[in-house]
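A short write-up of the structure that comes next.
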Amino acid sequence: MRRAVLLIVFLNFTLAAVASRAAEVKDFRIWAGPDKTRAVLDLDARVDYQIFTLDNPSRVVIDLKQSRMTGAVHLPEDRSSGALKRVRHGVRAQDNLRVVFDLGEAAKPKSFLLDPAGGHGHRLVIDLFPESGGAEIEPAPSWSPNPERDVIVAIDAGHGGDDPGSIGPTKTQEKNITLAVARLLHKDLNAMPGIQSFLVRESDYYIAHAERYEIARRKRADLFVSIHADSFHSPKPSGSSVYILSRRGATSEAALRLAEGENRSDLIGGVKLNDKDDVLASVLMDLSQSATLESSNDVAGAILNSLKELGKVHKHKVERANFAVLRSPDVPSVLVETAFISNPKEEKKLKDPSHQRKLAKAISQGIHDHFHSMPPPGTWIANHRQPSRHIVASGDTLGGIANRYQISVDRLRQVNKLNTDRIRVGAVLRIPNT
Ligand SMILES: [Zn+2]
């Protein structure tokens, strides 16, 4: 008898506990990318859910157990909703919430739950992949009848979509700054003969780090440039920095923290980190990364030199840290922290279109200098370059450089006001045309 009473008490308690665990859907967000449309339900707790599709017309149905909608659900008016035409929701029996996506065309959903990260709480992410296969991926040119191909530059605007990146004191989001600068850089580079660039991310959506450098590899890029804005917990630090990959540790404590922060994007942007990719990457890395790193270092030095002419730099040397987005084994890759978005003065500058243009100009000038100094064989630049500047690489000697540009060592010394034959790696030498 006593045992029965206890059991009843226990049951009551369990029911009460379950009822109080009902999850709330607090917000609904959506981003349309070329390959998929991503919808995110912001929750206050983990939920049990089921997802299935219905045809004629195409719909995706999500049933969330013990949940209720407390946020507003509507599609953005100022930008594309991708595959989604409409979102509806209603309460079903036993406090179950049903959310229905009405689709413009059939799409396969892929869904997963994310735990709190980077200022976001629990999330249910639903990616919709168009059944028609999505955006066409351009086949890589396997053979070009033109022996003077263009140099290809992949421009990666950091963050995007559900990952805003760092946020400035007046709420400027890094993802918008990086996209603005990336678009200007794209324009500047395409205006240079012998250089073709493309944007890895074209508007406001998230792409996983590994996918970003895969896009660059598929398009056979000669260079991958990732654009970011730095952030610190104090408003003081300022200036630009340029980074390349280091898997063996960062050049400073700040570089280590920065890389950890940037790498967290994949958690915020809703990608489950895959160890397998990393193992593969490190195997490939041993085969080809040292040459790639050397090129990365040269181009990073050229960009840093050019940024020094624009204004204050944060660090005078190219920095190294383990950034996930720079792990391409065979495409030289650099990451530019344009300025500190956490510094009120620099946040203001970063928002200013005329400063954005100056940043893009400086970065494109650095890229130009690098390729005119070390053009990949078979490119238009290799045959037509008229270098005005040479960036000293490791192993360079004054005699070697003079020989390369078919001028005398004396002339090279004279225009650069050199008293000795000693030259510093990363220094920029003026190369006279005659
Ligand atoms: Zn960033």
Selection status of residue 240, assigned by TED's automatic domain parsing to the domain that holds residue 364, more than 11 Å from the chain's Cα centre (by Cα) and within 16 Å of the ligand (Cβ to nearest atom)
yes
So which residues in region 158-174 are acidic (Asp, Glu) and more than 13 Å from the ligand (Cβ to nearest atom)?
162
Selection status of residue 154, without any contact (Cβ under 8 Å) to a residue 24 or more places away in the chain and more than 16 Å from the ligand (Cβ to nearest atom)
no
Given 115, 102, 78, 95, which one is of a type in the set (Asp, Glu), modelled with pLDDT of 90 or more and surrounded by fewer than 22 Cβ atoms within 10 Å (Cβ to Cβ)?
102
Of the candidates 259, 216, the one satisfying the condition of being within 13 Å of the ligand (Cβ to nearest atom), in contact with a strand residue (DSSP E or B) (Cβ under 6 Å, 6 or more places away or on another chain), in contact (Cβ under 8 Å) with a residue 24 or more places away in the chain and not in a loop (DSSP other than H, G, I, E, B) is 259
Unmet criterion (only one of (1) surrounded by 19 or more Cβ atoms within 10 Å (Cβ to Cβ); (2) not in a strand (DSSP E or B)) for residue 320:
(2)
Unique residue being under 21 Å from residue 429 (Cβ atoms), out of contact with any strand residue (DSSP E or B) (no Cβ under 7 Å at 6 or more places or on another chain) and in contact (Cβ under 8 Å) with a residue 12 or more places away in the chain when the list is 373, 364, 342:
364
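Listed here are the residues, each with its yes/no results for (1) polar (S, T, N, Q); (2) in contact (Cβ under 8 Å) with a residue 40 or more places away in the chain; (3) surrounded by fewer than 20 Cβ atoms within 10 Å (Cβ to Cβ).
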| site | (1), (2), (3) |
| --- | --- |
| 174 | no, yes, no |
| 190 | yes, no, yes |
| 205 | no, yes, no |
| 227 | no, yes, no |
| 234 | yes, yes, yes |
Residues of region 221-237 classified as away from the ligand (no atom under 12 Å from the Cβ), of a type in the set (Ser, Thr, Tyr) and under 16 Å from the mean Cα position of the chain (by Cα), total:
0
Looking at region 323-339, which of its residues are in a loop (DSSP other than H, G, I, E, B) and of a type outside the set (Lys, Arg)?
323, 328, 329, 330, 331, 332
Right, residue 349: without any contact (Cβ under 8 Å) to a residue 24 or more places away in the chain and either within 27 Å of residue 191 (Cα to Cα) or charged (D, E, K, R) (or both) or not?
yes
Here is a list: 259, 254, 250, 300. Which entry is modelled with pLDDT of 90 or more and of a type in the set (Gly, Ala, Ser)?
300
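The values are calculated or read from the model by the stated rules, or taken from the named source; none is laboratory data. Quantities reported herein were computed from a predicted structural model and do not represent experimental measurements. Backbone-built Cβ (ideal geometry, glycine too); neighbour counts: all protein chains shown.
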